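The values are calculated or read from the model by the stated rules, or taken from the named source; none is laboratory data. A quick note: this is a predicted structure, and the numbers were derived from the prediction, not measured. Methodologically, a virtual Cβ is constructed for each residue, glycine included, from the backbone with ideal geometry; neighbour enumeration extends over all protein chains shown. Areas reflect the complete protein model, heavy atoms only, side chains present, ligands, DNA and RNA absent. Shrake-Rupley method; radii C 1.70, N 1.55, O 1.52, S 1.80 Å.
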Amino acid sequence: MATGGTPEAIARLVEQFNRLPGIGPKSAQRLAYHILRVGDEEAEALANAVLEVKRRIRLCSVCCYITEQDPCGYCTDDRRDQSLVCVVEQALDISAIERSGGYNGVYHVLHGVLNPMDGVGPEDLRFRELLARVQGGSVSEVIMATNPSLEGEATAMYAAKLLGPLGVRVTRLARGLPSGADLEYADDVTLLRALEGRQAV
Amino acid sequence: MAREARTFRAEGIVLRRRNVGEADSIFVVFGPELGKFEGVARGIRKSRSRMRGHLEPLTFSRFLLARGRTLDVFTQAETIRSFPRIGGDLERWAAASYYAQLVDRFTGEDAPHPELFELLFVALEALNDGSDPGSVSRYVEIHMLALAGFELQVDACAACSARLSPEETLLAPGAGGLVCRQCRPGAGVGRLVSVPAIKVLRYAARASLPQFTGLHIPGEVAEELQQALAGVIRYHLDRELPTARLARELSPGSNDPATPGADTL
Ligand SMILES: [Zn+2]
Ligand SMILES: [Zn+2]
């Protein structure tokens with residue numbers, strides 16, 4: 001029973017903000033009280049933007065990248081080499097690779113990395129879609145661009161074990177990337193070198 | 001009120017990592033003196049972090065932590081022992097992950113458990129030295145159960161202490177081990193195990209890990225033991241651990257993992 005405590009509507013909003021990644025209880029409270037102070041219009045715009053994203057954005061049925069149109073722009077771009085598939089952990093990693101300017105194939109987003117100790121097994125990642133893509137026969141090489149962490153390496157080995165029997169070439173980014181660091185933070189030159197020097201898993 | 005020290009030293013094996021925020025990770029560590037503890041490492045996912053590589057799952061490291069309000073913060077990390085062969089082999093990695101998760105599930109926070117630490121450490125060493133992952137796993141399961149207070153009684157009937165005849169015998173986790181024919185009706189769920197499997201269980205209970213991995217276990221006995229012990233662990237933890245399933249799927253005897261999560265389709 002809340003007597004004289006925080007009004008329930010605010011408590012609810014605080015709780016929602018607190019669930020967001022990187023938002024602690026303090027920041028959640030600050031954000032909620034900020035919303036309370038802004039005009040109705042601004043609050044509505046925020047609410048609509050949130051709903052819009054959920055309504056319009058979906059996962060590409062081919063590569064699992066986030067998109068408004070299915071299949072996504074990468075999967076329908078015929079200037080790209082559609083037989084070369086670069087597998088990344090998260091959608092954000094694609095921007096890092098695109099920024100390096102040295103890659104002209106397409107992508108596949110796993111939406112995570114094997115971390116069974118924290119409850120993420122192969123069935124929680126987009127391996128099924130990747131398998132279907134390779135079984136389709138149009139893929140000649142799969143480049144595993146998962147992060148150079150223990151989990152990233154294991155994910156790459158798992159992909160090699162999964163796809164190897166299908167006769168597709170599975171490669172791994174070269175060791176230019178410092179171990180343990182995320183792709184997202186790699187500089188363009190390092191990333192480019194890692195792409196060029198990829199090796200079979 | 002006495003002021004607590006603001007920093008403290010600790011060492012242990014990293015059991016798991018969870019990424020939080022932009023570039024932070026929370027690590028759960030199991031140490032010989034502190035037992036299980038956790039802390040956050042700020043900015044560890046950026047390439048410039050000096051701690052990365054030393055704070056990786058399945059690595060034994062020495063740390064300096066600062067007391068935080070909600071979470072302690074890793075400020076320094078230095079590897080004492082890493083197990084490179086585990087990271088380079090999917091089957092060994094899955095087995096090691098399984099042991100880490102077993103430790104995680106069978107322990108509470110801040111309860112020192114040096115024998116359990118020793119078991120995890122020698123198991124990782126054995127995997128890294130090239131021992132058969134299946135044998136190491138069975139040894140870990142049997143001794144993990146014992147250290148967690150669920151020791152399997154395999155020398156006599158777990159219910160009435162009678163001598164066991166050399167025959168196929170029920171292994172009933174609820175009763176605490178093997179049960180004789182007379183006690184079978186009241187022993188609850190279990191699985192019949194063969195005489196060779198019982199011999200292996202008895203040997204595992206008293207052997208060291210290197211002795212045990214030196215023993216050749218025929219394929220069908222290994223398979224039987226894997227299923228029987230998985231049943232006991234499932235009984236105590238109420239579920240099959242995701243790492244147990246992965247380790248099982250990736251062991252050479254099983255089918256290729258060509259259908260990821262097939263049973264959830
Ligand atoms: Zn696509
Ligand atoms: Zn009995």
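Distances between placed amide hydrogens fall under 5 Å for B:Ala159 paired with B:Cys180, all partners being 5 or more residues away or on another chain.
Taking the DSSP bridge list for the protein assembly as shown and keeping only pairs wholly inside it, about 70 percent are antiparallel. The alpha-carbon of A:Lys54 sits under 27 angstrom from the alpha-carbons of these lysines, leaving out residues fewer than 8 places away in its chain: A:Lys26.
The residues of the range A:79-172 expose on average 32 square angstrom of accessible surface per residue, using a 1.4 Å probe on protein heavy atoms. Here the range B:64-215 is treated as an ellipsoid with the same Cα gyration tensor; its semi-axes, largest first and in whole Å, are 35, 20, 12. Helix content alone sets the calculated 222 nm mean residue ellipticity of chain A: runs of n ≥ 4 DSSP H residues at -39500 (n - 2.57) each, divided across all residues, give -13000 deg cm²/dmol.
Modelled label positions at A:Ser140 and B:Arg85, each set 7 Å beyond Cα in the direction of Cβ, lie 3.9 nm from each other.
For the pair B:Tyr235 and A:Ser95, what calculated FRET efficiency results from E = 1/(1 + (r/R0)^6), where r is the Cβ-Cβ distance and R0 = 51 Å, to the nearest 0.05? Can you show the working numbers first?
Values: r = 48 Å, r/R0 = 0.93.
Between A:Ser95 and B:Tyr235 the formula returns 0.60.
Within 10 Å of each Cβ of A:105-118, how many other protein chain Cβ atoms are there on average?
Mean number of neighbouring Cβ atoms from other chains: 4.
Net charge dipole, the range B:147-256: roughly 320 debye, given to the nearest 20, about the Cα centre with Cβ charges of +1 for Lys and Arg and -1 for Asp and Glu. Sketch the reach of a paramagnetic label on A:Ile10 as a point 7 Å from Cα along Cα-to-Cβ, and name the residues of the range A:35-54 whose backbone nitrogen lies under 12 Å away. Under cut-off, by backbone N: A:35-37.
About the Cα centre, and with charges only on the beta carbon of Lys, Arg (+1) and Asp, Glu (-1), how big is the dipole of the protein assembly as shown? Nearest 20 debye, please.
Here the protein assembly as shown has a charge dipole of around 660 debye.
Basic side chains Lys and Arg get +1 at the Cβ, acidic Asp and Glu get -1 at the Cβ, and with that the dipole of chain B about its Cα centre reaches some 840 debye. Legend: mean number of C-beta atoms from other chains within 10 angstrom of residue C-beta atoms, peptide A:138-146, equals 0.
Remark: mean inter-chain Cβ contacts per residue of A:120-128 equal 5, using a 10 Å Cβ-Cβ cutoff to other protein chain atoms. Counting every alpha-carbon pair across chain A, the share separated by more than 31 Å comes to 33%.
Over chain B, dividing the summed -39,500 (n - 2.57) contributions of all DSSP H runs of at least 4 residues by the number of residues returns a 222 nm mean residue ellipticity of -11000 deg cm²/dmol. Compared with the direct C-alpha span, the chain from B:Leu64 to B:Asp110 gains 14.9 nm at full extension, assuming 0.36 nm per residue.
Taking the inverse of the mean 1/r over every pair of distinct Cα atoms in the protein assembly as shown gives a Kirkwood hydrodynamic radius of 24.9 Å.
Given a Förster distance of 60 Å, report the FRET efficiency between A:Asp78 and B:Ser208 from their Cβ-Cβ distance, rounded to the nearest 0.05. Calculated transfer efficiency: 0.45.
Counted over all Cα-Cα pairs of chain B, pairs farther apart than 24 Å make up 53 percent.
Where both bridge residues fall in the range A:79-172, DSSP classifies roughly 5% of the beta bridges as antiparallel.
Distance from the Cα centroid of the range B:172-224 to that of the range A:23-70 is 55 Å (rounded to whole angstrom). Of all alpha-carbon pairs in the range B:43-143, indicate the percentage at a distance above 22 angstrom. Value for the range B:43-143: 37 percent of Cα pairs lie more than 22 Å apart. Its alpha carbons give the range A:3-56 an Rg and a Dmax of 12.2, 41 Å.
Figure note: B:His236, B:His216 ranked by solvent-accessible area, largest first, 1.4 Å probe, ligands and nucleic acids not counted: B:His216, B:His236. In percent, rounded to a whole number, the relative contact order of the range B:85-262 is 23, using alpha-carbon pairs under 8 Å and six or more apart.
Were the residues from A:Lys54 through A:Gln199 laid out at 0.36 nm apart, the gain over their Cα-Cα distance would be 48.4 nm.
Ballpark to the nearest 100 Å², how much total accessible area do B and A bury together, probe 1.4 Å?
Approximately 3000 Å², summed over both chains.
Beta-bridge orientation, the range B:7-82: approximately 95 percent antiparallel, per DSSP, counting only bridges with both partners inside. For the range A:1-150, averaging the sequence separation of C-alpha pairs within contact (under 8 Å, six or more residues apart) and dividing by the residue count gives a relative contact order of 18 percent. Between B:Ser161 and B:Phe8, full extension at 0.36 nm per residue minus the direct alpha carbon distance yields a gain of 50.2 nm.
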